[in-house]
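The values are calculated or read from the model by the stated rules, or taken from the named source; none is laboratory data. Worth saying up front: this structure is predicted, and the values here are computed from it rather than measured. Positions of Cβ are generated from backbone atoms using ideal geometry, with glycine treated the same way; all protein chains shown enter the neighbour counts. The accessibility values were calculated without ligands, DNA or RNA, using every heavy atom of the protein model including side chains. Shrake-Rupley method; radii C 1.70, N 1.55, O 1.52, S 1.80 Å.
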Amino acid sequence: MFNRHDLSRNEYMLDGCFCKNGYDWWWHSFTARHEKTGEEKAFFVEYFLCNPALGGDKAVLGQLPENKVAGKKPSYLMVKAGSWGKNPKQLHRFFAWDEVKLHKRKPFSVKAKDCFASDTELTGSVGVSEVEAKEHPEYMCDAGCMTWNLKLDKKVAFNVGYGAGRLFRKIKAFEMYWHAEGMKTLYSGTVEIDGERYIVTPETSFGYADKNWGSNFTSPWVWLSSNCMRSKVTGKVLKNSVFNIGGGCPKIYFFPLNRKLLGAFWYEGNEYEYNFSKFWTLPRTQFSFQETATEVRWKVRQENRTSVMKTEVRCLKSDLLLINYEAPDGSKRHKKLWNGGTGIGNIKLYKKTRDGLMLIDDIVATHVGCEYGEYES
């Protein structure tokens, strides 16, 4: 069973060696409608914590040239917010650790001035002027301003199992961990970006919420998810469905497990899971990524003992961001990490039978969250 909520996996994780070489983030993405025109827009809000033991009364930015020369690691809370689609942008606001208030155990919360995040609530603001964005490349962001006031109702979880369980968290076995407490999340509230106000309603928010933590990122980096789907077989909207695929190259004690993905499909109350850590289910995965002049494309084929899931997603480059992160050691190796929330996809789900594959459903997915990147050579 992967649809198991576990708030302990959403706790603050930067203890032990992760205090000085670790990150912990809570990611949220959703769709809203313009209050006057009704036009849709996809948004994201993230709270990213880095190297708490190295912090103090100032945020330490790892991409600042003098910090790179001095070998200083980054240390801060970064609030990342922005939008996809027309004029996509990412905005960053940095806080010193002395400004951050945490509730480390479940239920988690993080607060710095007017920015707050928990399992049920998100509030905050970020503003970066054109001059600041131009004169401070270490901010790694665009210019603009955004505020948000949101409530969350996390409906379906993707619990990846023992790989992110208490023991493996304690011994810091993996370089990067993942837990999706709300791979289907209902959002409500308001967002304002660059003077335009948007309304977020649960039924059309198509929301997602997860967290990652660890000492470094993965390469390749893959993420695909949507809970806005319609069956091509029956024509019905699948109101109780969501899929989530993530991973790329997990590492356990620095040893890479090449080209491994975690996948889950909650299909109208039925579970289909493709999890490399659950070897007894005989999981297998193949995936590829293609970049054309105008769009990017993902292809994933996953199977286990009883089923096969084929996923294809595409997204216009003009709707995507090249999203920016620096690792806890101060490096920025992901220089082309595509990230979006307006992908369009097709999913074919099959049951394995003695006579071959039997189609369960052929599905159109929209509002797909999507990500891909590889380290530069």
Self-check item: Relative contact order of the chain, defined on C-alpha pairs under 8 angstrom at six or more residues apart (%)
Solution: 16
Quiz item: Residues of the chain: accessible area per residue at 1.4 Å, in Å²?
Solution: 44
Quiz item: Of 260/348; 80/236; 211/348; 170/348; 89/184; 104/154, which sit over 30 Å apart, Cα to Cα?
Solution: 80/236; 170/348
Self-check item: Apportionment of accessible area to carbon and sulfur, the range 52-127, percent (1.4 Å)
Solution: 51
Quiz item: Which semi-axis lengths, in whole Å and largest first, follow from the square roots of five times the eigenvalues of the Cα gyration tensor of the range 182-262?
Solution: 31, 21, 10
Quiz item: What is the Cα centroid distance between the range 28-59 and the range 324-351, reported in whole angstrom?
Solution: 16
Quiz item: Considering only DSSP states other than H, G, I, E and B, which GluC sites (Glu not before Pro) in the range 102-178 qualify as loop sites with at most 16 other Cβ atoms within 10 Å?
Solution: none
Quiz item: Which ³J(HN,Hα) values, rounded to whole Hz and listed in residue order, are derived for the range 330-345 from phi using the Karplus coefficients 6.51, -1.76 and 1.60 in 6.51 cos²θ - 1.76 cosθ + 1.60 with θ = phi - 60°, glycine and proline given as x?
Solution: x, 7, 10, 8, 7, 9, 9, 9, 5, 8, x, x, 10, x, 10, x
Quiz item: When all C-alpha to C-alpha distances in the range 106-243 are sorted into bins of 10 Å, what percent of pairs does each bin hold, rounded to whole numbers?
Solution: 10, 27, 36, 22, 5, 0
Practice problem: Heavy atoms only, probe 1.4 Å: what % of the accessible area of the range 160-199 goes to carbon and sulfur, would you let me know? | Solution: 56
Practice problem: Would you calculate, for the chain, the mean residue ellipticity at 222 nm contributed by helices, counting each DSSP H stretch of 4 or more residues as -39,500 (n - 2.57) and dividing by all residues, to the nearest 500? | Solution: -1000 deg cm²/dmol
Quiz item: Any idea how far apart residue 240 and residue 162 come out in nm if each label point goes 7 Å out from Cα toward Cβ?
Solution: 3.1
Exercise. Compare the peptides 231-240, 269-278 by average per-residue count of other Cβ atoms within 10 angstrom and give them in order, highest first.
Key: 269-278, 231-240
Quiz item: Convex hull volume of the Cα atoms in the chain, per residue, in Å³?
Solution: 138
Exercise. Heavy atoms only, probe 1.4 Å: what % of the accessible area of the range 242-309 goes to carbon and sulfur, would you let me know?
Key: 56
Self-check item: Highest to lowest packing among 67-75, 140-148, 164-172, scored as the average C-beta count within 10 Å
Solution: 140-148, 67-75, 164-172
Self-check item: Amide H within-cut-off set for residue 109, under 5 Å, with H built and near neighbours excluded
Solution: 103
Quiz item: Radius of gyration and Dmax for the range 1-41's Cα atoms, expressed in Å?
Solution: 17.6, 50
Self-check item: Long-range HN-HN contacts of residue 197 with modeled amide H, under 5 Å
Solution: 35
Quiz item: Using only Cα atoms, what is the ratio of the radius of gyration of the range 215-283 to 2.2 N^0.38 Å?
Solution: 1.35
